[in-house]
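To keep things clear, I will list the structure first and then write my remarks on it.
The values are calculated or read from the model by the stated rules, or taken from the named source; none is laboratory data. Bear in mind that the values here come from a model prediction, so they are computed numbers and not experimental data. As a convention, Cβ positions derive from the backbone with ideal geometry for all residues, glycine included, and neighbour counts pool all protein chains shown. Each accessible area value is taken on the protein alone, full model and side chains, heavy atoms only, with ligands, DNA and RNA left out. Shrake-Rupley method; radii C 1.70, N 1.55, O 1.52, S 1.80 Å.
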Amino acid sequence: MPAQQPAVSVIMPVLNEERYLRDSVRHILGQEYAGEMEVVIALGPSTDRTDEIAAELVRETASHPRARVHTVPNPTGRTPAALNAAIQASRHPIVVRVDGHGMLSPDYIATAVRLLEETGAQNVGGIMHAEGENAWEDAVAAAMTSRIGVGNAAFHTGGKAGPAETVYLGVFRREALERAGGYNEEFVRAQDWELNFRIREAGGLIWFSPELRVQYRPRPSVRALAKQYKDYGRWRHVVARYHSGSINLRYLAAPAAVCAIAAGVVVGAAVTPWAFVLPAGYLAAITAGSVPAGKGLSLKARAQIPVALATMHVCWGYGFLTSPRALAAKVIASRRPSVRRDPSEV
């Protein structure tokens, strides 16, 4: 008789996710997994129909044979606060993080649980498989899954299974989350990287596997993508200040490119036009890099890949370079909240 599969808690931080929330939960409830499941949605102060859809999901799953949905409030709207609230409200030994616009592959949870057992890891994760629903989103997806867009980040571009610095979303052992004290709620962005760094510093293993895939919907506009990547760069610099020695050359590529482009424009305008070779070279590089990245896409999507690449690089680099030291000081002064549950609640 096969061993019973462990029960899992799926936690979801959501804010303004009316477009994808129902579909995301449908992919969870349809998992090819025999163990018990629960879905805990942490609701931020949405301005769309997210809360209404979540309430419908709670009602619709009230008699579900394996997995029920319930909600907890997240009045701050911050992702790490939502995650901690959902962890505290959940009860199972395996914790699966899913975003409101993420679509799990059918065997995602079963594969993740198997990998936790096989590797002894504290957290396992896989590929952030970006897919668009229109030409612009297809262009962003191509940029986000190409080396010219994101370097050698395995959870974007794929790679061999093995130990990793961080993974996309993550499937955790609850005990690892409790030992780490949960997510640091001061990290508005980069909270996954920061948590995984602390788990690794404590001797835990973070494991990447290309077997795990989560379908991800890219930001729907240039403006939204720009804000996303500016925030990524800004908060990655906070991580570097908070955890000395956590930076590597890949994270410095975009800031260096921004400095080179800016220097080329300024010197070219004030001193010698030869300096314009720097921004011109960058434009030529991303245009050439967009050709293999856009293979199989429509002409309209391929034409927008250089725009997506430039937006990602420049905004990430700008965010990194302009990240205020006050953010790091605030994080250092904060106390990480605990996600340990009161035994009386079990």
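A few comments on the model shown:
- Two-decimal ratio, segment 193-278, of alpha-carbon radius of gyration to 2.2 N^0.38 Å: 1.53
- Note on Asn248/Ser63: beta-carbon distance plugged into 1/(1 + (r/R0)^6) with R0 of 45 Å gives a FRET efficiency of 0.35.
- Square roots of 5 times each gyration tensor eigenvalue, C-alpha, segment 1-100, largest first, Å: 23, 15, 10
- Computed from the C-beta positions of Ala256 and Glu201 and an R0 of 30 Å, the FRET efficiency is 0.65 to the nearest 0.05.
- Residue-normalised accessible area of segment 244-296, expressed per residue, 1.4 Å probe, Å²: 60 Å²
- Degrees separating the helix 277-293 axis from the principal Cα axis of the chain, which is the longest one: 40 degrees
- 10 Å binning of all Cα-Cα separations within segment 236-311, expressed as whole percents from 0 upward: 17, 32, 29, 20, 1
- Between helix 299-321 and the chain: long-axis angle, C-alpha atoms, 0 to 90°, nearest 10: 90 degrees
- Taking the protein heavy atoms of the chain in the context of the full set of protein chains, the accessible area attributed to carbon and sulfur is 58 percent at 1.4 Å.
- Rg of the Cα atoms in segment 29-177, relative to 2.2 N^0.38 Å, amounts to 1.13.
- From the alpha carbon centroid of segment 181-256 to that of segment 63-92 is 22 Å.
- Diffusion constant of the chain at 10 °C, which comes from Stokes-Einstein with the Kirkwood Cα-pair radius and 1.306 mPa s, µm²/s: 75 µm²/s
- Computed over segment 110-248, the range of Cα coordinates on each principal axis works out to 42, 34, 23 Å, biggest value leading.
- Solvent exposure of segment 7-154, expressed per residue, is 37 Å² of accessible area, with all protein chains present and a 1.4 angstrom probe.
- Distance between the modelled labels on Val266 and Ala135, one decimal in nanometres: 3.7 nm (7 Å Cα→Cβ projection).
- Rounded to 5, the percent of DSSP beta bridges in the chain classed as antiparallel: 30 percent
- Seen against the Cα atoms of the chain and their longest principal axis, helix 222-242 is set at about 80 degrees.
- Förster radius 41 Å - calculated FRET efficiency between Arg147 and Val72, Cβ distance, rounded to 0.05: 0.55
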